[in-house]
Amino acid sequence: MNKRTFLKNTSLLGLASLGGFSSLGNVMDTIGDMPLAEAANDEDFWAGIRRQYKLKPDYINLENGYYCIQPQAILDRYVEHIKEVNMEGAHYMRTVQFDNKKIAATKIATLAGCEPDEVIITRNTTESLNMIIAGYPWQPGDEAVMAEQDYGAMLDMFKQVAKRHGIVNKVISVPNNPKSDEEIVQLYASAITKKTKLLMVCQMINITGQILPVRKICDMAHSKGVEVMVDGAHAFAHIKFSIPELHCDYYGCSLHKWLSVPIGAGMLYLKKEHFAKIWPLFPELGKADDDITRLNHTGTHPPAVDLTIADAIDFYNKIGAERKEARMRYLQNYWTDKVRHLPHVILNTPEDPKRSCAIANVGIKGMMPADLADKLLKKYKIYTVAIDNAKANVQGCRITPNVYTTTQDLDALVAALKDMG
């Protein structure tokens, strides 16, 4: 098998080679040109999407925020890629693995609305953003701005950089129910000084699901000479957008979340003007400063994950970005609208539907998050994750449905929450 043939066989077939693709195609034929609002609550259509997945019957999985399981067609293709790479052995790793990774990065860039040479494939959001934080050209006294609601791994890296380089971290707290975009923008603006170099912001806060006005924050920060790094872990392939329209300088996400790539794939975007100044986490000497791949030397890793990215994008595109977003928002509001005003229920997610999508966080007055999660699983067979972060003012369980989640699943959640009153 020559190099060209192997590239064709492993990277470019996508879901067109799968029996599962035709099954998905049959489901999509039933929806036609139905308006988004109607498609979002067409339970027969989404039942057809659900049939694309093999689900564990022991519990209702409402914790898709850690990672989203793969539909059977993508899982089958992933196994094929593993077998192909294993059969080829070192020949694959020494010949075409980097060509194939570049092909996958190009397809990700197209989905994100970026240029192919602005994107690299990483292993997850933590690696992507920590690469920027650790590799930034800090000087003693420089300042960085972030929020209590940001992901712990990045906050930890900022703390390490503070100890190592003598920078100052300014930490704000984002309200769970903001009155306006301007309230949030002003919070970040109030923390900026002449010494501020970098601001980190979540596009979608992982513990509450709140969508932040990233573009407004970026424009404000840039007006003050501050660069912005966006944590897009829960937004990419969840809500429809393009990275350039955010006006950010750096963007990182995990592809094994809402895109349903196998675990171990992430993405990092940088504006070209920043390539040269970021120090690689793992150096690879000899590459030009304006080559983004100088930041992508991570040693030997499972290449079948990279190969499956194209399949996952095909599946996502077949469902449709707008259609998926509409369904995700519909599901969240379906259950939150039924419990939001119950006296014993605490919702840590904004009521305005434009400020959230699939993810929401719910608590019960007088009950610790861990106890709530335990009771939901043991008594009601509903799997969630407990979030107990008093500093971020978030104590409850994160509820994260997926495209295979039914309204009957959410009815079970609503009944359980009402029963706890």
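List of remarks:
- Residue pairs, from the table 216/354; 224/354; 338/375; 354/379, whose Cα atoms sit over 24 Å apart: 224/354; 354/379
- Charge dipole magnitude, Cβ of K and R +1, D and E -1 - segment 322-419, Cα centre, debye nearest 20: 60
- Loop-exposed trypsin sites (Lys or Arg not before Pro) per DSSP, neighbour cap 15 Cβ within 10 angstrom, longest uninterrupted part of the chain: 55-178
- Potential lengthening between residue 34 and residue 377 on full extension [0.36 nm per residue; Cα-Cα distance subtracted]: 119.8 nm
- Linear extension gain, residue 340 paired with residue 318, 0.36 nm per residue minus alpha-carbon span: 4.6 nm
- Candidate aspartates and glutamates for bridging to residue 163, where Cα separation is under 15 Å - those fewer than 8 sequence places away on the same chain excluded: 142, 143
- Taking max minus min of the alpha-carbon positions on each principal axis, segment 322-419 gives extents of 37, 29, 22 Å, largest first.
- Comparing 384, 405, 193 in a Gaussian network model of the chain where C-alpha atoms under 10 Å apart are linked, the largest mean-square fluctuation is found at 193.
- Taking all pairs of distinct alpha-carbon atoms in segment 97-313, Kirkwood radius in angstrom: 17.4
- Only Lys, Arg, Asp and Glu carry charge here, each on its Cβ (+1 for the first two, -1 for the last two); on that basis the chain has a dipole of about 660 debye about its Cα centre.
- Segment 250-393 shape via C-alpha gyration tensor axes, a/c threshold 1.5: prolate
- Segment 322-419, relative contact order [Cα under 8 Å, separation at least 6], %: 30
- Pairs spanning more than 27 Å between alpha-carbon atoms, out of 102/240; 54/318; 179/271; 179/318; 102/272: 179/271; 179/318.
- Considering only Cα atoms, the convex hull volume of segment 146-268 works out to 107 Å³ per residue.
- Percent of beta bridges antiparallel (DSSP, the chain, rounded to nearest 5): 50
- Computed over segment 136-201, relative contact order equals 49 percent, with contacts defined as Cα pairs under 8 Å that lie 6+ residues apart.
- Computed over the chain with a Gaussian network model linking Cα atoms closer than 10 Å, the most mobile of 238, 274, 91 is 91.
- Helical runs assigned H by DSSP (4 residues or longer) give the chain a calculated mean residue ellipticity at 222 nm of -13000 deg cm²/dmol, each run adding -39500 (n - 2.57) before division by the residue total.
- Label point 7 Å beyond Cα of residue 55 along Cβ direction - residues of segment 390-421 with amide nitrogen under 17 Å: 399-416
- Most mobile of 86, 41, 124 in a GNM of the chain (Cα contacts under 10 Å): 86
- Mean Cα-pair separation over length for the chain, i.e. relative contact order, pairs under 8 Å, 6 or more apart, %: 22
- Note on residue 22 and residue 156: the extension gain reaches 43.7 nm, defined as 0.36 nm multiplied by sequence separation minus the Cα-Cα distance.
- Long-range HN-HN contacts of residue 364 with modeled amide H, under 5 Å: 346
- Cut-off 18 Å (backbone N to label point 7 Å along Cα→Cβ of residue 168), residues of segment 182-206: 188-200
- log₁₀ of I(q)/I(0) at q = 0.10, 0.12 Å⁻¹ - the chain, Debye sum with one point per alpha carbon: -0.72, -1.02
- Sequence-ordered 3J(HN,Hα) estimates for segment 358-372 from the Karplus curve with 6.51, -1.76 and 1.60 and θ = phi - 60° stand at 6, 7, 9, 10, 10, x, 10, 4, x, 10, 5, x, 5, 5, 5 Hz, glycine and proline given as x.
No value in this document is a laboratory result; all are computed from the given coordinates. Since the structure is predicted, the reported quantities are computational estimates derived from the model, not experimental observations. Counting neighbours? That spans all protein chains shown, and the Cβs are built from the backbone with ideal geometry, glycine included.
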